[in-house]
Amino acid sequence: MDLSNLRPAKGSVKKRKRIGRGEGSGHGGTATKGHKGAQSRSGYSSKAGFEGGQMPLQRRVPKYGFKNINRVEFSGVNLDVLQQLADKTNLSVIDKDVLVANGLVSKNDLVKILGRGELTSKLDIKANAFSATAKTAIESKGGTAVIY
């Protein structure tokens, strides 16, 4: 055996169906497109969401609610998470750079400190916003909550 007589396995390669190449091919005439109608014409393309004249799904489903364009989206970080971070890294000052470096927020997020959990050490925290419970918990341990 050599490379000159390699062949694919019997039946593994099929001939391509060449449509619209005359009656002798068996696929001439309408070229498998049926008779008349938009889909038999050249250049036909259906609209996205077109359902053959039936009312399309995006028009059957009712609209509701609204999107507040003035909403400010914060990424929340709880006190218990900050305490774990402080224990792990031995930091007393926590700001956005530290949170980004440890994968708690993305660099473009606005950070809000939330009040779940307890603080056991004094922490100086800088963030975009604080909940009332978080602020009192931080200040009760002698730390500072700075908005920047």
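The values are calculated or read from the model by the stated rules, or taken from the named source; none is laboratory data. Quick caveat, the model's predicted, so the values are computed rather than measured. Neighbour counts run over all protein chains shown; Cβ positions are idealised from the backbone, glycine included.
On the stretch given as segment 1-59, residues that are more than 42 Å from the chain's Cα centre (by Cα), hydrophobic (A, V, I, L, M, F, W, C) and modelled with pLDDT under 90 total 1. The residues in segment 95-114 that are at pLDDT 95 or above and more than 26 Å from the chain's Cα centre (by Cα) can be counted, and the count is 0.
Filter segment 77-105 for residues that are in a loop (DSSP other than H, G, I, E, B), of a type outside the set (A, V, I, L, M) and more than 17 Å from K135 (Cβ to Cβ) and give the result.
Keep residues of segment 77-105 that are in a loop (DSSP other than H, G, I, E, B), which gives 90-92, 95, 102-105.
With the extra rule that they be of a type outside the set (A, V, I, L, M), the set shrinks to 90, 92, 95, 102-103.
Those that are in a loop (DSSP other than H, G, I, E, B), of a type outside the set (A, V, I, L, M) and more than 17 Å from K135 (Cβ to Cβ): N90, S92, N102, G103.
Among the residues of segment 31-49, those that are of a type outside the set (A, V, I, L, M) and surrounded by fewer than 10 Cβ atoms within 10 Å (Cβ to Cβ) comprise G34, H35, K36, G37, R41, S42, G43, S45, K47, G49.
For segment 67-76, the condition holds for no residue, the condition being that it is outside any strand (DSSP E or B), in contact (Cβ under 8 Å) with a residue 12 or more places away in the chain and buried (at least 18 other Cβ atoms within 10 Å of the Cβ).
Out of all the residues in segment 117-134, is one or more part of a helix (DSSP H, G or I) and buried (at least 18 other Cβ atoms within 10 Å of the Cβ)? So that I can check it myself, show each step before the final result.
To start, the set of residues in segment 117-134 that are part of a helix (DSSP H, G or I) comprises 132-134.
Next, from what is left, pick out any that are buried (at least 18 other Cβ atoms within 10 Å of the Cβ): 134.
The answer is yes; a qualifying residue exists.
Check segment 106-115 and report whether any residue there is free of Cβ contacts under 8 Å to residues at least 24 places away in the same chain, out of contact with any strand residue (DSSP E or B) (no Cβ under 7 Å at 6 or more places or on another chain) and either over 30 Å from G20 (Cα atoms) or not in a strand (DSSP E or B) (or both). Within segment 106-115, one or more residues are free of Cβ contacts under 8 Å to residues at least 24 places away in the same chain, out of contact with any strand residue (DSSP E or B) (no Cβ under 7 Å at 6 or more places or on another chain) and either over 30 Å from G20 (Cα atoms) or not in a strand (DSSP E or B) (or both). Within segment 28-56, residues that are more than 19 Å from K17 (Cβ to Cβ) reach partners that are at pLDDT below 90 with beta carbons closer than 7 Å, at six or more positions or on different chains, in the pairs Y44/A38.
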